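The block underneath contains the structure these notes are about, expressed in structure tokens.
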Amino acid sequence: MCQTAIKLSEVSSMVKKATKLMAFMFVILMTLVLTACQKAPEQTAQTPAKPEKPEVILATTTSTQDSGLLDVIIPAFEKKTGYKIKTISVGTGQALAMGEKGEADVLLVHAPDAEKKVVASGSAINRRLVMHNDFVLVGPAEDAAKIKGKTVGESLKAISAASIPFISRGDDSGTHKLEQNLWKVISIKPQGTGWYQETGAGMGQTLKIADEKKGYTIADRATYLAQAKNITLKILVEGDAKLLNIYHVMEVNPEKFNKVNKEGAKAFADYLLSSEGQALIAAFGKDKYGQALFTADGGKTEKDFGL
């Protein structure tokens with residue numbers, strides 16, 4: 001009987017302990033539930049409300065696409081704002097033409113003289129400097145025209161004199177506009193010669209064609225670095241002041257084109273110039289190439305570059 005009493009006592013003690021443990025666990029569970037309920041409104045507030053007009057048409061140069069920059073910027077913008085970007089990647093000339101027809105909401109381009117004309121016409125507003133990098137003159141490692149270390153003007157003269165293939169984009173892009181101006185400065189008209197060829201294509205494709213033909217071309221540094229693993233072309237001329245490459249963002253004028261997504265365009269332009277957008281631009285490429293492909297220039301103007 002004594003042994004049975006001890007066992008019953010032990011059982012009673014165990015039951016009491018179990019009851020206390022269950023009560024303790026219940027308190028913890030209720031605390032977690034109440035805490036989650038208190039945080040729910042805060043988490044809901046962080047989710048962006050769906051915009052009235054969510055789709056934003058971005059017309060931009062192929063370099064922002066081919067370099068991979070948009071693959072970083074756009075998802076971050078969409079997540080933060082709820083807008084959805086529809087990207088049309090073409091030459092800057094075509095992107096500006098879309099703006100002049102009201103066929104885009106926002107433009108991200110790199111042809112300053114042409115951009116100013118579009119703003120002056122009233123087709124675009126709020127032109128703001130976003131970033132810059134530079135152009136480079138690339139060619140085969142053997143460098144038959146012996147241009148390495150020369151100025152860009154001297155290099156183009158040497159290519160012309162040697163009649164070695166020069167592959168132009170020929171697509172009225174910002175890169176093509178700059179290249180055409182460089183030929184004009186040295187009083188050479190390359191069109192119609194056997195060594196000068198136009199692709200009518202974007203920067204990535206033009207680099208591949210130049211590589212296949214063992215020719216020279218001018219490319220923005222970002223796209224060249226992004227494509228370098230796929231081609232054998234080398235940077236032969238760089239650092240010339242004439243090779244500066246500046247990007248601006250502009251909103252298509254809603255007063256001239258009433259179908260423009262005014263709020264969406266402004267939201268994207270503002271994001272590019274925000275501290276978050278500028279930080280993404282400044283960091284882009286460092287992990288993969290060991291150097292940033294663009295320099296963030298929020299708050300600067302062309303006067304800061306002596307233009």
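The values are calculated or read from the model by the stated rules, or taken from the named source; none is laboratory data. Quantities reported herein were computed from a predicted structural model and do not represent experimental measurements. Cβ placement follows ideal geometry from the backbone for every residue including glycine, while neighbour counts extend to all protein chains displayed.
Observations on the model:
- Qualifying residue in segment 289-296 (condition: within 19 Å of G99 (Cβ to Cβ) and not basic (K, R)): no
- Of the strands (runs of 3 or more DSSP E) that lie entirely inside segment 187-259, those containing 3 or more residues that are at pLDDT 95 or above and not hydroxyl-bearing (S, T, Y) span 234-237, 244-252.
- Going through (1) in the same structural domain as Q65 (by TED's automatic domain parsing); (2) over 30 Å from A279 (Cα atoms); (3) not hydrophobic (A, V, I, L, M, F, W, C) one by one, S123 falls short only on (2).
- Any chance V152 is touching a residue at least 12 places away in the same chain (Cβ under 8 Å), outside the structural domain of G285 (by TED's automatic domain parsing) and surrounded by fewer than 21 Cβ atoms within 10 Å (Cβ to Cβ): no
- Evaluated against (1) of a type in the set (S, T, Y); (2) assigned to a loop (DSSP other than H, G, I, E, B); (3) within 22 Å of A95 (Cβ to Cβ), T175 falls short on exactly one condition, (2).
- Complete set of residues in segment 266-307 that are in a helix (DSSP H, G or I), hydrophobic (A, V, I, L, M, F, W, C) and either in contact (Cβ under 8 Å) with a residue 40 or more places away in the chain or over 23 Å from A226 (Cβ atoms) (or both): A267, F268, A269, L272, L273, L280, I281, F305
- Within segment 250-289, considering residues that are surrounded by 23 or more Cβ atoms within 10 Å (Cβ to Cβ) and touching a Pro at 6+ places or on another chain (Cβ under 7 Å), the one nearest to H132 (Cα to Cα): G264
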